[in-house]
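Below: the structure, in structure tokens.
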Amino acid sequence: MRVIVTGAAGFIGSNLVRGLNARGITDVIAVDNLTQADKFRNLADLQISDYLDKTVFFEQFAHGHFGKVEAVLHQGACSDTMEHNGRYMLDNNYRASKTLLDAAQAQGVRLLYASSAATYGASSTFREEPACERPLNVYGYSKLLFDQIVRRVLPHATAQIAGFRYFNVYGPREQHKGRMASVAFHHVNQYRATGQVKLFGEYNGYGPGLQERDFVWIDDVVAVNLWFFDHPGKIGIFNLGTGRAQPFNDVALTVVNTLREQRGQPALPLADLVAAGEIAYIPFPDALAGKYQCHTQADLSHLRAVGCTHHFATVEEGTAAYARALVAGA
């Protein structure tokens, strides 16, 4: 069975390759851009059958150069929500995806792809419906534009199309992402370096550290992708989060106490850690004002309606496991 994974050296892509390998699927064609060469580490311990740069892949796929392909797991994109070059963003996240969609449909190849919760932006309701879609930046718009095209194709699709609106994903293999890595990753590194984790203070009616997101553990993201891989009749655009919003304080508290326990120190409540200076709050940055989601929470009704009953880890479960893995050098 041959599977193509775009963005294969990235965070979610490499974890999907790992998930495929765990099933014994090693005929995996990895597609990425290794201009940032250190991303190779995400592929070094995985089994793939070929590697292609993204600049040559799309044309070759459109011409059927890869033989019989079971599915394309399309994760490749510019995921920097602070990128302001709209032409670059649309070329990477929309036009390349549209080219891939057209070719996949022409060949009857299934397409499972990464959308984003950024499509909701300023909305307070996170349901896969146009009325809820209000992106705050060009990244969110680029993902929404492709979703809109998918909606036009779905009624007459020749093969499965499933898009996943990822919420705040965290876990191993994101070390190359820099500022766009998860808050859990940054909190672990901050605490190990300085003995302190910093969070945003009060903003937009939310108290210090009380802005909240739907944080989803990478293993859960892989599991849901592979559930759809196993169910080729399930099509559509789906939220992929836990269905629970948790405050950033929960992430910081779990990170600090997990690392304290690793050092033989007792876990402490939030107030004590703030008093001790191990958790601190900084003024909300002016650059993010009006462009920041203070609350996200996936509505899982659509996901559950198609039969996916996967149980998602809590912040406390996933973040503790991740902190321990980072300390261990995973």
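The values are calculated or read from the model by the stated rules, or taken from the named source; none is laboratory data. Given the structure is predicted, the values throughout are model-derived calculations rather than measurements. All Cβ positions, even for glycine, are placed from backbone atoms using ideal geometry, and neighbour counts span all protein chains on display.
If you go through the stretch 4-24 and keep only what is of a type in the set (Val, Ile, Thr) and under 18 Å from residue 173 (Cβ atoms), you end up with 5, 6, 12, 17.
Only one of the listed residues (94, 88) is over 18 Å from the mean Cα position of the chain (by Cα), among the hydroxyl-bearing types (Ser, Thr, Tyr) and assigned to a helix (DSSP H, G or I). That residue is 88.
Of all the residues in the stretch 173-214, those that are outside any loop (DSSP other than H, G, I, E, B) and touching a Cys at 6+ places or on another chain (Cβ under 8 Å) number 3.
Please verify whether residue 51 is among the aromatic types (Phe, Trp, Tyr) and under 28 Å from residue 242 (Cα atoms), treating the condition exactly as stated. The answer is no for residue 51.
For the stretch 264-289, the set of residues classified as surrounded by fewer than 11 Cβ atoms within 10 Å (Cβ to Cβ) and among the charged types (D, E, K, R) consists of 286 only.
Of the residues making up the stretch 263-279, one or more are more than 30 Å from residue 5 (Cα to Cα), among the small types (Gly, Ala, Ser) and assigned to a helix (DSSP H, G or I). Filtered by the rule that a residue be over 13 Å from the mean Cα position of the chain (by Cα), closer than 25 Å to residue 158 by Cα and buried (at least 20 other Cβ atoms within 10 Å of the Cβ), the stretch 201-234 gives 228, 229. Quick check on my filter: what residues within the stretch 245-263 are surrounded by fewer than 16 Cβ atoms within 10 Å (Cβ to Cβ) and in contact (Cβ under 8 Å) with a residue 12 or more places away in the chain? Correct list: 262 only. Per the listing 177, 198, the residue uniquely touching a helix residue (DSSP H, G or I) at 6+ places or on another chain (Cβ under 8 Å), farther than 27 Å from residue 98 by Cβ and surrounded by fewer than 22 Cβ atoms within 10 Å (Cβ to Cβ) is 198. Going through (1) at pLDDT 95 or above; (2) under 20 Å from the mean Cα position of the chain (by Cα); (3) farther than 15 Å from residue 97 by Cβ one by one, residue 36 falls short only on (1). If you go through the stretch 102-158 and pick out every residue that is among the acidic types (Asp, Glu) and over 23 Å from the mean Cα position of the chain (by Cα), you end up with 1. Kindly evaluate residue 44 against the criterion of being out of contact with any Lys or Arg (no Cβ under 6 Å at 6 or more places or on another chain), surrounded by fewer than 13 Cβ atoms within 10 Å (Cβ to Cβ), without any contact (Cβ under 8 Å) to a residue 60 or more places away in the chain and hydrophobic (A, V, I, L, M, F, W, C). For residue 44, the condition - out of contact with any Lys or Arg (no Cβ under 6 Å at 6 or more places or on another chain), surrounded by fewer than 13 Cβ atoms within 10 Å (Cβ to Cβ), without any contact (Cβ under 8 Å) to a residue 60 or more places away in the chain and hydrophobic (A, V, I, L, M, F, W, C) - is met.
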